[in-house]
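K.L.:
Below you will find the structure I want to go over with you.
The values are calculated or read from the model by the stated rules, or taken from the named source; none is laboratory data. Note that the structure is predicted; figures quoted are calculated from it, not measured. Using ideal geometry, Cβ is built from the backbone for each residue, glycine included, and neighbour counts are taken over all protein chains shown.
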Amino acid sequence: MRKMKITALLLVAATLNIPLAVNAQEHPNLIMTKAGVQKVRSNLGSVPLFDASVQSVKKEVDAEIALGIDTPIPKDFSGGYTHQRHKLNFLTAQKAGALYQILQDDKYAKYIKDMLFQYEAMYQDLPVHPQERSYARGKLFWQCLNDSNWLVYMSQAYDAIYDTLSVQEREKLENNLFRPFADFISIENPQFYNRVHNHSTWGNAAVGMIALVMDDKELLDRALYGIEDDGLEIGGRDNDGGFIKVAGQKAGFLANLEDPFSPDGYYTEGPYYQRYAMYPFLIFGLAMNNVKPDMKVFSHKDNVLLKGVDALLNLTDADGEFFPLNDGQKGMSYYTPALVTAVDIAYQYGEQNPQLLSIAEKQNEVLLDQSGLAVAIGIRDGKAKPFVKKSINLTDGQDGDQGGVAVLRYGNEDLTLVFKYAAQGLSHGHYDKLSFSLYEQGDEVVQDYGLARFVNIGQKGGGNYLPENKTWAKTTIAHNTLSINEEMHFGGKYEIASEHHSDLYFYDATKDDVQVVSAIESNAYPGTQMHRTMAIIKTEGFEKPFLLDIMKVNSNSKNQYDFPFYFMGQVLSDNFEYDTPTSLTPLGKDNGYQHLYLEGKGKPSGNTTQFSWLGEGKYYTLTSATEKSDELLLTRLGANDPEFNLRRDAALMLRRKDSGNTTFASVIEPHGSYSSVSELSVNSDSSIAQLTVVQDDDKYTAVSIKDVKGQTSLFIVANDGASMSKKHTLKIDGKSYNWTGAYHYTGG
């Protein structure tokens, strides 16, 4: 039945092809336009950054032309020669097309033409890729995702040289290469194409862009709206555990533009995959803007694509690296070519925000089209202004009602908190409700692990996701949040996790000295509610701002609570005694615990526990309010890792056993500095003498912070409602506190 449906659809697609002889479109029309090309040519030699970008691309493409064209029979995973060669081919062809239009040098058109006909000759008899790992194998590449990458870029190259080809040559390419290619990644692979996922976004854009070049309405409709009768089983899942099809869910480019983005521009899979998906979103959006302006893709969902660029830039640290929420490779930054595209297009087709120009200055390259020219002219004319990243609360979910991600920033990113209370994030999501990471001027203080994958490194699983991504990176204990009874949030079940999200309790970044975010998770563990409140505070008696962390747990059963802090640096000191084992054993058997070695185990020496480390020339101290029965575990990643796929990261874990309702309160305090050159150590000791939970009931939780000079500050959060207008009165140790709002802070 399934084969009959696909065959019928292929026959329909073939009968709807529009003869090229009556194609009256103007070319180029996708990314470059005739008017845009004329403007680019007229400005050559007068816009330094654009001229430099042209010369850089010319040098790169000329080197490839000199090497000759190689289209090898595919055999490798990502990282292998055939994979990398075909990838370099489509990247180079797209750039050669831009050079042809700008420089009018026929050698670039010939290079693209020769390459396309080599692919045309091989594609007709090309079987699916021999590597069988993917749920949707490609032909040129091991997965349809990369085949779609190829078609997105090759569509631009074809558009650039369209008018240099005869009608017969175009018919041959389109009938033997482009239409079969588009049919293969869509109709023949609906499990890849017809869903909501970054993979499908690439597939939709690929089919749509070649449709625009060929003026093929059937292909364009397929790109925008998906395949109506795809034969897929509702509730089926891919090999990443993600749903292939959900009842009532639409497909196609517009559905992918609608569903994963919140009204704030946050993309539910997280910034790493938002960065990856933004290229097809924006490049196809630009093509639609040029060819089908009546569709108004850039203004869809209240300009969500352009909002997405701003959201993505705000999800970076001081060095421009994306926060590794969900599956995310550390080090990926706005210097990636996808963000060059995003910044240039957002500037040209948005409000020409001068702050974007400062990002483009750092990137030091622009697109070779009218948007890149506009950016380069703006920089030349001195219009750039610094991109100022402030605290921001980004909602998650199509309607912005599925939790979110809050970023609290003090000063010029002197201290940055990333607090995740979002939805699952599709198949790339992690099981880490109410988790956080902390940065000081771009340096990780308390880290999120990110993904377990060596992208495009063939020796490590063909560059694909490693088994440890599921057994470690996605697990709850791998993150800085609460694990109960050594189980993962939602039992590690994707279907359950996808039904729930955390809820914002309140967010307030209106004050300079205190910024707060608070959220509640009620579904990760049945019968248990977690309420976490995190505040960046700058007060007298402290050299730098610090982070206050309060996790209040209400449960209808007795549990074991594990609360890790994955610190980055070298251990310096602590105020508790611990035993170190003579041999290392794993902390547990599964759910990530099997990958943690127990390197030390101790007990608190009092009700205030302190642990200090040195990282990147700066000192940090974790101070926690502890109970006598607590255990303090020193752990290190690396157990049950025979292929050495995991980093050897360390953590201090607070373990509280046989507890029902309880509250964890901690402060992470940056202080001082150390120079390896002068060997000068400054302020290496914590300023905190005591941290105490002085009030904790259904209505209020209050934490007292006493510094070494005897000054005391107090933070109170109201637990029975987050109204910012409600008035409160609370007496603690004989002193009355009166305030309005969900929280109160009084400095020392």
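K.L.:
Enumerate the pairs (first residue in region 694-711 and modelled with pLDDT of 95 or more; second residue anywhere and aromatic (Phe, Trp, Tyr) and crowded, with 16+ Cβ neighbours inside 10 Å) with beta-carbon separation below 9 Å, excluding pairs fewer than 6 apart on the same chain, so at least 6 apart or on different chains.
P.N.:
Thr701/Phe715; Ala702/Phe715; Ala702/Tyr737; Val703/Phe715; Ser704/Phe715; Ile705/Phe546; Ile705/Phe715; Asp707/Phe542
K.L.:
Just a yes or no: is a residue in region 145-167 farther than 26 Å from Val291 by Cβ and buried (at least 23 other Cβ atoms within 10 Å of the Cβ)?
P.N.:
No: zero hits.
K.L.:
Condition (residue is among the β-branched types (Val, Ile, Thr), at pLDDT 95 or above and touching a helix residue (DSSP H, G or I) at 6+ places or on another chain (Cβ under 7 Å)) applied to region 112-134: is it met by at least one residue? First the steps, then the outcome.
P.N.:
Of the residues in region 112-134, the ones among the β-branched types (Val, Ile, Thr) are 112, 128.
Retained after the next criterion (residues that are at pLDDT 95 or above): 112, 128.
Pick out the ones that are also touching a helix residue (DSSP H, G or I) at 6+ places or on another chain (Cβ under 7 Å) and you get 112.
So far as region 112-134 goes, yes, one or more of its residues are among the β-branched types (Val, Ile, Thr), at pLDDT 95 or above and touching a helix residue (DSSP H, G or I) at 6+ places or on another chain (Cβ under 7 Å).
K.L.:
Looking at region 426-450, which of the residues that are outside any helix (DSSP H, G or I) and among the small types (Gly, Ala, Ser) is nearest to Arg648 (Cα to Cα)? Walk me through how you get there before you give the answer.
P.N.:
Filtering region 426-450 down to residues outside any helix (DSSP H, G or I) leaves 429-450.
Adding the requirement that they be among the small types (Gly, Ala, Ser) leaves 429, 435, 437, 442, 450.
Details: Gly429: 23, Ser435: 20, Ser437: 18, Gly442: 21, Gly450: 14 Å.
Among residues in region 426-450 that are outside any helix (DSSP H, G or I) and among the small types (Gly, Ala, Ser), the one nearest to Arg648 (Cα to Cα) is Gly450.
Residue-wise test of (1) of a type in the set (Gly, Ala, Ser); (2) more than 19 Å from His489 (Cβ to Cβ); (3) crowded, with 16+ Cβ neighbours inside 10 Å; (4) out of contact with any Pro (no Cβ under 6 Å at 6 or more places or on another chain).
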{"residue": "Pro526", "(1), (2), (3), (4)": "no, no, no, yes"}
{"residue": "Glu543", "(1), (2), (3), (4)": "no, yes, no, yes"}
{"residue": "Asn554", "(1), (2), (3), (4)": "no, no, yes, yes"}
{"residue": "Asn575", "(1), (2), (3), (4)": "no, yes, no, yes"}
{"residue": "Pro581", "(1), (2), (3), (4)": "no, yes, no, yes"}
{"residue": "Lys589", "(1), (2), (3), (4)": "no, no, no, yes"}
{"residue": "Gln594", "(1), (2), (3), (4)": "no, no, yes, no"}
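K.L.:
Within region 322-339, can one find any residue that is assigned to a helix (DSSP H, G or I) and over 26 Å from Gly450 (Cα atoms)?
P.N.:
For region 322-339, residues assigned to a helix (DSSP H, G or I) and over 26 Å from Gly450 (Cα atoms): absent.
K.L.:
Taking only region 540-581 into account, find how many residues are within 30 Å of Gly710 (Cβ to Cβ) and modelled with pLDDT of 95 or more. Write out each step before concluding.
P.N.:
Of all residues in region 540-581, those within 30 Å of Gly710 (Cβ to Cβ) come to 540-552, 563, 565, 567, 569, 571-578.
The next check asks that each one be modelled with pLDDT of 95 or more; those that pass are 542-552, 563, 565, 567, 569, 571-578.
Total satisfying the criteria: 23.
K.L.:
Can you tell me which residue within region 1-32, out of those that are of a type in the set (Val, Ile, Thr) and outside any helix (DSSP H, G or I), is modelled with the lowest pLDDT?
P.N.:
Within region 1-32, the match that is modelled with the lowest pLDDT is Ile18.
K.L.:
Among the listed residues Asp641, Asp630, identify the single one that is touching a Pro at 6+ places or on another chain (Cβ under 7 Å) and either surrounded by 17 or more Cβ atoms within 10 Å (Cβ to Cβ) or not assigned by TED's automatic domain parsing to the domain that holds Met530 (or both).
P.N.:
Result: Asp630 is the single residue among Asp641, Asp630 that is touching a Pro at 6+ places or on another chain (Cβ under 7 Å) and either surrounded by 17 or more Cβ atoms within 10 Å (Cβ to Cβ) or not assigned by TED's automatic domain parsing to the domain that holds Met530 (or both).
K.L.:
While we're looking at this one, here's another question. Given the criteria outside any helix (DSSP H, G or I), among the hydrophobic types (A, V, I, L, M, F, W, C), touching a helix residue (DSSP H, G or I) at 6+ places or on another chain (Cβ under 6 Å) and outside the structural domain of Thr533 (by TED's automatic domain parsing), does Leu356 qualify?
P.N.:
So Leu356 does not fit the description; no.
K.L.:
Do we find a residue being surrounded by 23 or more Cβ atoms within 10 Å (Cβ to Cβ) and among the small types (Gly, Ala, Ser) anywhere in region 276-283?
P.N.:
yes
K.L.:
Now a separate question. Pairs please, first residue from region 180-202 and under 13 Å from Tyr123 (Cβ atoms), second anywhere and outside any helix (DSSP H, G or I), Cβ atoms under 7 Å, 6+ apart in sequence or on different chains.
P.N.:
Sorted first by the residue in region 180-202, then by its partner, the pairs are Phe184/Lys139.
K.L.:
Would region 500-522 turn up any residue that is aliphatic (A, V, I, L, M) and touching a helix residue (DSSP H, G or I) at 6+ places or on another chain (Cβ under 7 Å)?
P.N.:
Within region 500-522, the subset aliphatic (A, V, I, L, M) is 504, 509, 514, 516-517, 519-520.
In the following step, the residues that additionally are touching a helix residue (DSSP H, G or I) at 6+ places or on another chain (Cβ under 7 Å) were identified as none.
Checked region 500-522: no residue is aliphatic (A, V, I, L, M) and touching a helix residue (DSSP H, G or I) at 6+ places or on another chain (Cβ under 7 Å).
K.L.:
Report yes if some residue within region 33-54 is closer than 19 Å to Ile161 by Cβ, buried (at least 18 other Cβ atoms within 10 Å of the Cβ), at pLDDT 95 or above and assigned by TED's automatic domain parsing to the domain that holds Tyr153; otherwise report no.
P.N.:
Taking every residue of region 33-54 in turn, at least one turns out to be closer than 19 Å to Ile161 by Cβ, buried (at least 18 other Cβ atoms within 10 Å of the Cβ), at pLDDT 95 or above and assigned by TED's automatic domain parsing to the domain that holds Tyr153.
K.L.:
Looking at Lys433, Lys420, Lys460 in this structure, which one is touching a strand residue (DSSP E or B) at 6+ places or on another chain (Cβ under 8 Å) and surrounded by fewer than 23 Cβ atoms within 10 Å (Cβ to Cβ)?
P.N.:
Lys460
K.L.:
Please specify each residue of region 381-404 satisfying the condition of being in a loop (DSSP other than H, G, I, E, B), in contact (Cβ under 8 Å) with a residue 12 or more places away in the chain and not small (Gly, Ala, Ser).
P.N.:
Lys383, Lys385, Pro386, Phe387, Val388, Lys389, Lys390, Asp396, Gln398, Asp399, Gln402, listed by residue number.
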